[in-house]
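The values are calculated or read from the model by the stated rules, or taken from the named source; none is laboratory data. Bear in mind the structure is a predicted one, so any value in this text is a computation, not a measurement. Ideal geometry is used to build each Cβ from the backbone, glycine not excepted, and the neighbour counts take in all protein chains shown.
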Amino acid sequence: MTLNWARHPRIQRAAAVIRSGGVVAYPTEAVWGLGCDPLNRGAMDEILRLKGRAERKGVILIASSADQARPFVGDLTDTEWDRLVQPMPSPVTWVVPASDYAPVWITGGRATLALRITRHPVAAALCRAFGAPLVSTSANPQGLPPARNALKVRCYFAEQLADITPGAVGAATRPSQIRDIRSGQILRPGD
């Protein structure tokens with residue numbers, strides 16, 4: 001029997017925390033991530049503070065489906081939409097045109113944003129429970145290795161996070177590959 005993560009009480013609680021402006025940690029395909037409502041500037045500022053990260057770098061958004069991500073994405077051809085939703089053997093984050101809806105603190109001031117349709121059961125369930133895409137940036141202070149388990153998240157951030165979900169990272173050993181949706185060029189290698 002497969003666990004229905006979207007109905008798990010701790011996932012529901014984490015989604016409520018995000019709706020109220022909090023920052024949560026959750027597992028993704030390769031590492032633990034820090035997430036928040038991408039439209040909440042205060043929550044995003046808290047993630048940047050926790051990580052010691054500059055806003056100009058931008059962050060990745062994850063979504064459980066292309067429909068969920070659509071408001072943040074600018075003009076794509078049908079072929080590019082197909083590429084975005086096509087399951088890949090390992091996780092891929094796509095650099096796509098950003099819509100006017102995508103805040104500057106997500107894009108880093110660029111005309112593009114980084115987006116992954118996540119297949120990780122906990123991360124996807126959290127997106128569904130929240131009802132929208134989430135910020136997804138590795139759970140680590142700048143310059144330190146990304147957390148690969150909840151204990152490391154706690155070591156890095158102690159009581160500074162509003163919530164930490166249950167679950168474990170997926171099988172990938174490195175953060176997702178990043179590719180340009182238009183050219184297919186690999187901008188960061190993955191597994």
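Taking into account only those residues within the stretch 30-58 that are of a type in the set (D, E, K, R) and at pLDDT 95 or above, which is surrounded by the fewest Cβ atoms within 10 Å (Cβ to Cβ)?
Taking the stretch 30-58 and keeping what is of a type in the set (D, E, K, R), we get 37, 41, 45-46, 49, 51, 53, 55-57.
Now drop any that are not at pLDDT 95 or above, which leaves 37, 41, 45-46, 49, 51.
Numbers: D37: 22, R41: 14, D45: 14, E46: 19, R49: 11, K51: 21.
Checked the stretch 30-58; the qualifying residue surrounded by the fewest Cβ atoms within 10 Å (Cβ to Cβ) is R49.
Among the residues of the stretch 159-191, count how many are part of a strand (DSSP E or B) and either under 15 Å from the mean Cα position of the chain (by Cα) or over 30 Å from R19 (Cβ atoms) (or both). If you could, list the steps in order and put the result at the bottom.
Step one: list which residues in the stretch 159-191 are part of a strand (DSSP E or B), which gives 163-164, 177-180, 186-188.
Subset that is either under 15 Å from the mean Cα position of the chain (by Cα) or over 30 Å from R19 (Cβ atoms) (or both): 164, 177-180, 186-188.
Selection size over the stretch 159-191: 8.
Residues in the stretch 139-150: is at least one farther than 13 Å from L61 by Cα, of a type in the set (K, R) and either at pLDDT below 95 or in a helix (DSSP H, G or I) (or both)? Give the steps one after another, and end with the answer.
At the first step, the residues of the stretch 139-150 found to be farther than 13 Å from L61 by Cα are 139-150.
Cutting the leftovers down to of a type in the set (K, R) gives us 148.
Next, from what is left, pick out any that are either at pLDDT below 95 or in a helix (DSSP H, G or I) (or both): none.
The answer is no, given that none of the residues of the stretch 139-150 is farther than 13 Å from L61 by Cα, of a type in the set (K, R) and either at pLDDT below 95 or in a helix (DSSP H, G or I) (or both).
Among what's in the stretch 77-126 and is assigned to a helix (DSSP H, G or I) and of a type in the set (S, T, N, Q), pick the residue that is modelled with the lowest pLDDT.
Applying the first criterion (assigned to a helix (DSSP H, G or I)) to the stretch 77-126 yields 78-85, 104-107, 121-126.
Now drop any that are not of a type in the set (S, T, N, Q), which leaves 79, 107.
Values: T79: 94, T107: 97.
Top of the filtered list is T79.
Look through the stretch 152-175, keep the residues that are small (G, A, S) and surrounded by fewer than 18 Cβ atoms within 10 Å (Cβ to Cβ), and return whichever of them is nearest to A125 (Cα to Cα). Spell out how you get there, then give the answer.
Taking the stretch 152-175 first, the residues small (G, A, S) are 158, 162, 167-168, 170-172.
If we keep only those that are surrounded by fewer than 18 Cβ atoms within 10 Å (Cβ to Cβ) too, we end up with 158, 168, 171-172.
Details: A158: 24, A168: 13, A171: 18, A172: 19 Å.
Among those residues, the one meeting the criterion is A168.
Which residues, taken from the stretch 61-83, are aliphatic (A, V, I, L, M) and surrounded by fewer than 20 Cβ atoms within 10 Å (Cβ to Cβ)?
Within the stretch 61-83, the subset aliphatic (A, V, I, L, M) is 61-63, 66, 69, 73, 76.
Answer for the stretch 61-83, where residues must be aliphatic (A, V, I, L, M) and surrounded by fewer than 20 Cβ atoms within 10 Å (Cβ to Cβ): A66, L76.
Determine if the stretch 89-100 includes at least one residue that is crowded, with 20+ Cβ neighbours inside 10 Å and in contact with a Pro (Cβ under 9 Å, 6 or more places away or on another chain).
Checked against the condition, which is being crowded, with 20+ Cβ neighbours inside 10 Å and in contact with a Pro (Cβ under 9 Å, 6 or more places away or on another chain), the stretch 89-100 yields at least one hit.
Please list, ordered by first then second residue, the pairs with beta carbon atoms under 8 Å, 6 or more apart or interchain, first in the stretch 102-122 and in contact (Cβ under 8 Å) with a residue 24 or more places away in the chain, second surrounded by fewer than 18 Cβ atoms within 10 Å (Cβ to Cβ) and of a type in the set (S, T, Y).
Note: pairs meeting the criteria are I117/S65.
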